[in-house]
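All remarks here apply to the structure that follows.
What follows is calculated from the coordinates using simple rules that are stated; it is not laboratory data. A quick note: this is a predicted structure, and the numbers were derived from the prediction, not measured. Here the Cβ is made from the backbone with ideal geometry for all residues, glycine too, and neighbour counts use every protein chain on show.
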Amino acid sequence: MTKAEYKALNLLLDTPKKIVIVPHHNPDGDAIGSSLGLFHYLKKRNHQVSVVAPNDYPAFLKWLPGTPEVLVYESQAETCADVLAEASLLFALDFNALHRTGVMQSALEQAEATFVLIDHHPQPEAFAQFTYSDVGMSSTCEMIYHFITHLGGLSLLDEATATCLYTGIMTDTGSFKYPSTTSLTHRVVAHLLDCGANHSAIHEAVYDANRTSRLQLLGCALKNLTVLPEYRTAYLSLSQEELKAHDFKKGDTEGFVNYGLSIKDVVFAAIFIENAQEDVIKISLRSKGSFSVNAFSRAHFDGGGHTNAAGGKSDLSLPDTIEKFISILPTYKNALNK
């Protein structure tokens, strides 16, 4: 956004308003962290703020400050519709197209509020009056920090805001190991620590709260691991029966795909998860180096994301989806063996 746009937006925020913050469908740590981080900041500016998530999010994020006030559209559609209708300003966080909000897409298309898009995914659609897009950023949470900075609001950062933003940065950078983590990211994180974020407690709350059944599900996924050395590729899979046998809960498979990428010489990893409720195969893709899983997913699996982290889906069966995936790899053999 330009300086003039920040000034115009700051003028809008100078008077109390009803504001709605919306993350993407199946919100992750960055989506919820950025939403609640912005929520706390805007509350300090005396606005009436609501976070409306399209659907529920994992239990390992529900300790975040402000969680009890999050509305879930999937189960509270009528209440959420009223909140959307009354809002004069709507922040769209961590997604680049309205269809990424799933069940909320239609409601958002009809909303009359002024839209502000803050996101780090490539190729954002032009649905917002104000757009802050930066694909070089580690996370939307880092962008919220810079957004607040441009509005002159750093003095309003408190422990709750810092905790939410740190959580999103930590999860979206893979605990600061991904290439998108920059020296600026670390300077932002240092300030968040100074503002009260407890990095050790946050890491423990997110990563050390596993149920036994989740770890057993990971074991099942690893048992299904297949490595294709000629393509420097590994993939995992989980059927609906395997999920059910291990008491699957939302968020249980978060991070499983990274185990494939941890194998020596593997630069491309995927996990295929059968979702009987939506009658699709959910796909998560990860890569190292310059191989773009964003481009791969857009081309073959109706998805997208970042260069090294993307998602997609398939209407085929689980075996047929895996067969399709393998059949595509020869086209990318040279790119995968650079």
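Observations, loosely collected:
- Cα shape, the stretch 139-203, gyration tensor, a/c 1.5 rule: oblate
- Alpha carbon centroid spacing (whole Å) that separates the stretch 136-180 from the stretch 259-338: 28 Å
- Packing around the peptides 206-219, 115-128, 15-28, 63-76, taken as the average count of other Cβ atoms within 10 Å per residue, puts them in this order, highest first: 15-28, 115-128, 63-76, 206-219.
- ³J(HN,Hα) computed for each position of the stretch 107-115 - Karplus, 6.51 cos²θ - 1.76 cosθ + 1.60, integer Hz, glycine/proline x: 4, 6, 5, 8, 5, 9, 5, 6, 9
- The stretch 71-77 - phi-based ³J(HN,Hα) in whole Hz, Karplus 6.51/-1.76/1.60, Gly and Pro as x: 9, 10, 4, 4, 10, 9, 4
- Gyration tensor analysis over the Cα atoms of the stretch 57-189 returns equivalent ellipsoid semi-axes of 25, 18, 15 Å (largest first, whole Å).
- The GluC sites (Glu not before Pro) of the stretch 197-246 include none that DSSP puts in a loop with a beta carbon having at most 11 other beta carbons within 10 Å.
- Legend: residue pairs K62/K249; K264/K313; K282/K324; K250/K282; K177/K249, Cα-Cα distance threshold 19 Å; pairs beyond threshold, K264/K313; K177/K249.
- Oblate is the label for the stretch 189-324, because the ratio a/c of its alpha-carbon gyration tensor axes (a ≥ b ≥ c) is 1.5 or higher and a/b is not greater than b/c.
- The stretch 3-207: relative contact order as a whole-number percent, Cα under 8 Å and 6+ apart: 23 percent
- Under 19 Å from K43, Cα to Cα: lysines that are on another chain or at least 8 residues apart: K17, K18
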